[in-house]
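Working notes, beginning with the structure itself.
The values are calculated or read from the model by the stated rules, or taken from the named source; none is laboratory data. The structure displayed is predicted, hence computed values, not measured ones. Methodologically, a virtual Cβ is constructed for each residue, glycine included, from the backbone with ideal geometry; neighbour enumeration extends over all protein chains shown. These area figures cover heavy atoms from the full protein model, side chains too; ligands, DNA and RNA do not enter into them. Shrake-Rupley method; radii C 1.70, N 1.55, O 1.52, S 1.80 Å.
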Amino acid sequence: MIDTEELVSLAAGHGSCPHSIMGTILGHMEVVIGNYYHAFDPTTSGQFTGALVDESTFVVCDEAHMLEPRVRALVSDGVGDRTLRDAVSELTRIVQAVEFDDAATPSTGGDDADLVRGELQESDVKLDELRTLRDLCESLREELGRRVTAHLDSERPGWRAELTDLDDAELPLRDPETPETDEITEWAQREGFDEAVWSRAEVVGAVVARILNELEDEDTSRAVTAVGRVLNAWYREDHESFFREIELERTWDEAERPDSWRRAYNARLALHNCVPSRAIGDRLAEFGGGVLMSATLEPLDVFREVTGLNHLEREGRPVTTRSYGLGFPEEHRESFAVDAPKFTYGNRGDPGEETECRRLHVDAAATIARSPGNVLVGMPSYGEAEWMAAELEDRLDKPVLLDSSSTDEVTQELKAEFFRGEPKVLVTSIRGTLTEGVDYQGDRLAAAVVCGVPIINTASPRTRAVRTAYDREFGGGSAGDGSGRGARPAVGSRRRSPSPQFARLARPSAASSVAPRKWGSARSSTPGTPGRRGTRFGSISPNGSARSFSLSRRTCSSWVSSGSGTSTAEPRYPSGGRPSSSL
């Protein structure tokens, strides 16, 4: 096993770059531990880990409930205003090499022109195609400028004097909830840019990049390559699974005019893959086999579809699903939902504000925290965790530990301290490393509190488009925003011992069976008992009583290469052992 410290030390001792050394020895390793980027990001795999992505590799994805949302971002695409500008320059460089030679301009030699003509002829690409693609890129920049200016004039009158105060923004190019042709495509059709220029953009871009590298005797990435790829995908992909918009990302460019939005923004034409099952399935198909496992894969029919397992199966690859129940008896589990205001910023205000919402949530957390044994309190952010820890310290006799964004060593020591000695309260972020993939076996944890589930902005055009795509694919309540799977790791905290009692408290009433409209798709996607799609919570007021319901099935999913035998996957969180797979 070569860890980071040893790798850096060995590489530095030989005067080499650790990253380059790692790439060199990668193919000689028997086991490689990485993240989703190493397997699914086209750039990372293309430049670094591509040699591992073949039928000789068996891939294991832990915490696979995060596979689809992580990979969605990786397989989506886009091209920025500055990249379009650079692509125009690159196309112009090639076009002018021929045009200047044809015009017999004395200052230019014919070698470049001859090379360009030869490459174009060999690639079956015409010079007019380069001119048309350049015209499209220039026109796209103009249209971007028009749309961004119109947006700012409408939403922020006087924005030219307030460039430093502008926020990131999304400009949808169609109704996110109505799949239809986007406005840029319609604009291009009106302007005479037909499907020929879009469909040939990737080929033309690749040829131009190759010519430039030959002319300049270097092998480097070119803007025109990315532009061609995105424009081709923009034309090729459908409008149901893909959502197109303009993204405005904050930046600062002193080279732009003081009154130009380009000084404060980089505008980006974004193509979002809302349901990336085909892309994930195609990449999984390149491996010899593998296992996708997590404690929170329910509902499995949706998981199989959105992670491409059904696509794999349709292509003839065997796919096997295994589900494992808890070794923790139902009669020792109790789950409550407190009928308190949602722990949103609008309700709670800033940390330190004495709002009714904050008071109710602290009261409920303190009540559970006083129960015997260790108690885990999950907050929507580390900042809110710091506030909650300070409040609990004033109310409790138990020691209160605070988790924060830190190194793995610090986190491991905090976890060990939590497990040692007398009962304690540990306050953390639900998106932190102490709520996912941690075994709280035996009497290490007696209760868990979930206070406000951190989910992405469900009002954003992109998120609404994702939800719409999921609803069309799987029906309503499919939790395309990830809210259900965001709550489940904390709600279904890992328990192994069959004897101790355990309680879960979810707040606010968005998790309650009495508030289905507030809970929405997250409620239906929390893990359920066999035959039930989601978990039900007993509803209580901050001072009330509760009914109990069982929760949580542990699941994993695996597939194997055709003709390679069988694959086995052991339960992750029953009475012992990690999963194992074999071919």
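What the table below lists for this structure:
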item	result
Added length on full extension, which subtracts the Cα-Cα distance from 0.36 nm per residue, residue 20 to residue 409	137.4 nm
Ordering of 223-233, 161-171, 193-203 by burial proxy (mean other Cβ atoms within 10 Å per residue, highest first)	223-233, 193-203, 161-171
Contour excess over end-to-end distance, with Cα ends at residue 28 and residue 216 and 0.36 nm allotted per residue	64.2 nm
Whole-number accessible area per residue in Å² for the range 77-276, which is evaluated in the context of all protein chains at 1.4 Å	48
Alpha-carbon gyration tensor eigenvalues x 5, square-rooted, for the range 77-276, Å	33, 21, 14
Sites residue 353 and residue 259, calculated FRET efficiency, Cβ-Cβ separation with R0 35 Å, nearest 0.05	0.35
Computed accessible area, residue 350, all protein chains, 1.4 angstrom probe, square angstrom	70
FRET E, pair residue 8, residue 35, Förster distance 25 Å, beta-carbon r, rounded to 0.05	0.85
Candidate residues 174, 395, 370: accessible-area rank, largest first, probe 1.4 Å	370, 395, 174
Nearby aspartates and glutamates by direct alpha-carbon distance to residue 342 (threshold 17 angstrom, same-chain neighbours under 8 apart not counted)	350, 353, 354, 356, 363, 384
Solvent exposure, largest accessible area first (probe 1.4 Å, DNA, RNA and ligands not counted), of 293, 1	1, 293
Hypothetical label at residue 139: residues of the range 184-219 whose amide nitrogen lies under 18 Å (7 Å Cα-Cβ projection)	184-202, 204-205
Solvent-accessible area, 1.4 Å probe, carbon plus sulfur percent, for the range 77-276	42
Residue 146 paired with residue 1, simple spin-label distance in nm, labels 7 Å along Cα-to-beta-carbon	6.0
Hull volume in cubic angstrom per residue (convex hull over the Cα atoms of the range 19-128)	202
By accessible area with a 1.4 Å probe, ligands and nucleic acids excluded, highest first: order of 342, 126	126, 342
Surface per residue (accessible, 1.4 Å probe) for the range 298-437, Å²	46
DSSP-loop GluC sites (Glu not before Pro) across the range 228-301, with at most 16 other Cβ within 10 angstrom	237, 240, 254, 256, 286
Partners for residue 415 among aspartates and glutamates (Cα-Cα distance below 15 Å; same-chain residues under 8 apart left out)	403, 436, 439, 443
Label-point separation in nm, residue 161 to residue 313, each point 7 Å along Cα→Cβ	6.3
Two-site FRET efficiency, residue 438 against residue 111, from Cβ-Cβ distance with R₀ of 60 Å, rounded to 0.05	0.40
Computed label-point distance, nm, for sites residue 472 and residue 89 using a 7 Å Cα→Cβ extension	3.9
Whichever aspartates and glutamates have a C-alpha closer than 14 Å to that of residue 398, once near sequence neighbours (fewer than 8 apart) are set aside	417, 422
